[in-house]
Amino acid sequence: MNLQLFSDLSLADLSDATSGGADRVLGGAWLGQLDPAVAPGWPVQGIAAPLLGKSNDCLQEIWRCDAACAAGESEGILWRRAGNLLYGVIELDENEFVGSTSGSALQSAAAEAYRRIFRLLDSQGLPNLWRVWNYLAGINAEVDGLERYRQFNIGRQDAFLEYRHVVTGNVPAACAIGLASGPLSIAFMAGDLPAVPVENPRQVSAYNYPSVYGPRSPTFSRAALVYLPGQEILFISGTASIVGHQTVHSGDVVGQCRESMTNIATVVAEANRLARTLPYTLGELSYRVYIRHAGDFPLVEATLSGLIGDAVEIVYVQADICRHDLLLEIEAMASHTLGSL
Ligand code: 3EB
């Protein structure tokens, strides 16, 4: 099995990336300005976040396998599966959950989305959630006295408790990002083997955050090492300027960018202690950077270029971060061939 991420594809490049057959595409994401008329046929997460520093107004990312995928639909989840690996996307309209008796519409939608994901994974015999990409509108808006990100955390944790029982330790790598509008959108990758979770010794594990950040902690690990036949993938969760459990460098985007990269370097070092392949380096990761204020892009780009050089694959988008004082968040991934030690 070989799973490869093709980043930064324009619509025209898609035909190259899908050579060998569109049935080899596991799924992907579409970032930037979305065109509802274009539907590629595999599960795609639409991320309507403006691209920064690009001439194109949209780009595609795809995960391509070296074998044909099985495809299906389950309770509104579009999914594809290659061997013991599954990728799916679910979008839920919160309006359908208004008037729910257990919490806000967003909380109910989040719980329902994760319940559907867990039901699909159990029926497919691939119970281990490895990596989750969460997007929601108005993430920092306070509704009925509670910030929407905190409402989302309640619903997510409820579903984990109901279906997976553990909400600490072996939980997936993730990001949770705010968009200007749109449905609750969740993409996920899952497999037969448990991921190896990685934490950051500079940070309190997110699942142990104190209740000042909300009544329920977020359910994610700082990174995950996952295994396919012959392949190890490192997924680094959305990483921000948080030390311990506190935001640092409030109002200073360069400081936050540097601190986020120190956190990523620390997570990579932890991952390297656990990895079964040669050490991962910052220069080989592919990055996605979420910037709250588009005007901060040049400063962030210059800061990252100083830290990791210009030869690195980085996609920049404008989006909201889950704490109002966070100005950016960085996620990353890399893949190694197993047996190359
Ligand atoms: C943090 O470290 C920043 O709720 O799934 C990063 C990655 C963050 C994932 C999530 C939140 C999530 O707390 C925010």
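For region 21-81 and region 148-182, compute the distance between their C-alpha centroids and round to whole Å.
Centre-to-centre (Cα) distance: 22 Å.
Provide, for q = 0.08, 0.10, 0.12 Å⁻¹, the log10 of I(q)/I(0) from a solvent-free Debye sum over equal Cα point scatterers in the chain.
Debye output, listed in q order: -0.34, -0.54, -0.82.
What Kirkwood hydrodynamic radius, in Å, does region 87-182 give when the mean of 1/r is taken over all pairs of distinct Cα atoms and then inverted?
When all Cα pairs of region 87-182 are included, the Kirkwood radius is 13.8 Å.
Return the distance in nm (one decimal) between the two label points of a simple spin-label model at Ala180 and Thr281, each offset 7 Å from Cα along Cα→Cβ.
4.0 nm
About its Cα centre, what dipole magnitude does region 117-242 give when the only charges are +1 on Lys and Arg Cβ and -1 on Asp and Glu Cβ, stated in debye to the nearest 20?
The dipole of region 117-242 has a size of about 140 debye.
In nm, to one decimal, how far is the modelled label at Asn95 from the one at Val254, with both set 7 Å along Cα→Cβ?
So the two model labels end up 4.6 nm from each other.
Can you give the convex hull volume of the alpha carbon atoms of region 36-97 per residue, in Å³?
138 Å³
Could you run the Karplus curve 6.51 cos²θ - 1.76 cosθ + 1.60 with θ = phi - 60° over region 286-303 and give me ³J(HN,Hα) per residue in whole Hz, x for Gly and Pro?
9, 10, 10, 10, 9, 10, 5, 10, 3, x, 7, 3, x, 5, 5, 4, 5, 5
Could you pull the Rg and Dmax for region 12-124, using just the Cα atoms, both in Å?
Using the Cα atoms of region 12-124, the pair Rg, Dmax is 16.1, 49 Å.
In region 237-341, what trypsin sites (Lys or Arg not before Pro) fall in a loop by DSSP, with at most 15 other Cβ atoms inside 10 Å?
Here the sparse-neighbourhood loop sites are Arg276.
Once R0 is set to 41 Å, what does the formula 1/(1 + (r/R0)^6) return for the Cβ-Cβ distance between Ala68 and Ala269, expressed as a FRET efficiency to the nearest 0.05?
Given R0 = 41 Å and the Cβ-Cβ separation, E is 0.60.
Every number in this text was worked out from the coordinates using simple rules, so none of it is lab data. Not measured: the values here are computed from a predicted model. FYI the Cβ positions are ideal-geometry reconstructions off the backbone, even for glycines, and counts take in every protein chain you see.
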